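Shown next, in structure tokens, is the structure this report addresses.
The values are calculated or read from the model by the stated rules, or taken from the named source; none is laboratory data. Here the structure is a predicted model, which means the values were calculated and not measured. For neighbour counting, all protein chains shown are included, and Cβ atoms are generated from backbone atoms with ideal geometry for every residue, glycine included. Just so you know, the surface numbers come from the protein's heavy atoms only, side chains and all, with ligands and any DNA or RNA stripped out. Shrake-Rupley method; radii C 1.70, N 1.55, O 1.52, S 1.80 Å.
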Amino acid sequence: MSDFSHLNSQGNPKMVNVSDKKITKRIAIAKATMFLGKEVISHFTNDELITKKGPVFQTAIIAGIQGVKKTSELIPMCHPLLINGVDIDIQIIDSENIEVFCKVTIEGKTGVEMEALTGANITCLTIYDMCKSISQKMVIKEVKLVEKTGGKSDFRNKTGISY
């Protein structure tokens, strides 16, 4: 009836049944770009900003990892997964902007694209929360899937990745 795997034959929502899928190694990498502005970035020393709430990037990485692990609690049709690994990298790319890469690995029956996208988003939201006392002009500009391997098909964004 539909090209959407999360709809049944009556058009109602369903969680996809993955019981017949093979267990494979699956990796997803998401990238977020975020405008912090010169005012925020000028406070950083050696690619980190220590605030009363703690170190911004280190705290944001931990929050992003927690976000990956809680994705199925936030997005209704996502399966609870036993994540093998999460690696989040934050880079200051110029005097105003950062890039966040979130790589998620699993050996399972379903992919981890949503987990990688959630991890990148939560990382950026945590940076916003920790730096909003300096400036509220920050913008999470773009969050996208840049690579997915394993499962039925592989995907790589044509713009490439630097992770």
With every protein chain in place, the accessible area of residue 137 for a 1.4 Å probe, in Å² rounded to the nearest 10, comes to 150 Å²
State the percentage of accessible surface on the range 1-149 attributable to carbon and sulfur atoms; use a 1.4 Å probe and exclude ligands, DNA and RNA.
-> 52 percent
Please give the residues of the range 97-133, grouped as numeric ranges, whose backbone N is less than 14 Å from a label point set 7 Å along the Cα-to-Cβ vector of residue 75.
-> 102-105, 110-123
Using the Kirkwood radius over Cα pairs, work out the Stokes-Einstein diffusion coefficient for the range 1-57 at 25 °C and 0.890 mPa s, in µm²/s as a whole number.
-> 147 µm²/s
Using a 1.4 Å probe and ignoring any ligands, DNA or RNA, find the accessible area of residue 90 and quote it in Å² to the nearest 10.
-> 20 Å²
If you work out Rg and Dmax of the Cα atoms in Å from the coordinates, which of (i) 16.6, 50; (ii) 17.5, 57; (iii) 20.3, 70 do you get?
-> (ii)
Projected label distance in nm at residue 25 and residue 129, using a 7 Å step from Cα toward the beta-carbon = 3.4 nm
Measuring from the longest principal axis of the C-alpha atoms of the chain, the long axis of helix 56-69 (C-alpha) lies at a number of degrees, nearest 10, equal to 10 degrees
